[in-house]
1. Run down I5, I77 and say which single residue is out of contact with any strand residue (DSSP E or B) (no Cβ under 9 Å at 6 or more places or on another chain) and surrounded by fewer than 10 Cβ atoms within 10 Å (Cβ to Cβ).
2. Give the range 82-110 a look and list any residue that's modelled with pLDDT under 90 and among the hydrophobic types (A, V, I, L, M, F, W, C), or say none.
3. When you go through M92, M43, M36 one by one, which is the residue that is of a type outside the set (S, T, N, Q), surrounded by 10 or more Cβ atoms within 10 Å (Cβ to Cβ) and part of a loop (DSSP other than H, G, I, E, B)?
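The values are calculated or read from the model by the stated rules, or taken from the named source; none is laboratory data. Here the structure is a predicted model, which is why all the values come from computation and not from measurement. Note: ideal-geometry Cβ built from the backbone for every residue, glycine included; neighbour counts use all protein chains shown.
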Amino acid sequence: MMEVIRSDFERTVSETNKAEAEAQQDHLKFTTETQMSLAEKNMAKKEKTRLKDETDENFNDASESMDSQTKILVTSIKELMELKPTCIDTGMSYADRVAMREQEIASLKKALCILGAYAEFGPDGLADAC
C-alpha cells in the first residue's frame with residue numbers, strides 16, 4: 001500500500017512540476033506578447049498625436065490666414081461702396097461725360113501747345129503759336 005501511495009505522490013509531484021513549467025512558459029509568452037503589443041500601441045499613439053498636433057497647427061494657420069483675408073475683403077467692399085457714388089452715380093448722362101472729357105482733352109492739348117511754344121519762342125511767342 002505504501003508503494004501505491006509513494007507512486008501516487010511521485011506522480012502528483014511530477015505532474016505538478018510539469019504543470020508549473022507549462023504555466024511559467026505560458027506566462028513568459030503572455031508577458032512577451034503583451035509588452036510587444038504595448039510597444040506597438042505606444043508608437044501608434046505617438047504618431048497619431050504628432051499628426052494631430054501638426055493638423056491643429058495647420059488649421060490654426062489657415063484660420064488666421066482666412067481671418068486676415070476676410071478683413072481685407074470687407075475693407076475692399078466698404079471702399080467700393082464708398083467710391084460707387086463718385087464713379088458711377090455722377091448724375092450726368094453718358095453724352096455729358098463724353099463732352100466734358102473731350103473739352104478736357106482739348107484744354108490739355110492747348111496747354112501742351114502753350115508750353116511747347118514757351119519753350120521754343122520764349123514769353124513773346126505765346127500769342128501767335130496757339
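1. Numbers: I77 fails: surrounded by fewer than 10 Cβ atoms within 10 Å (Cβ to Cβ).
Checking each option against the conditions leaves just I5.
2. Our first condition is that a residue be modelled with pLDDT under 90; within the range 82-110, this holds for 82-97.
Residues satisfying the conditions are L83, C87, I88, M92, A95.
3. Exactly one of M92, M43, M36 is of a type outside the set (S, T, N, Q), surrounded by 10 or more Cβ atoms within 10 Å (Cβ to Cβ) and part of a loop (DSSP other than H, G, I, E, B), namely M92.
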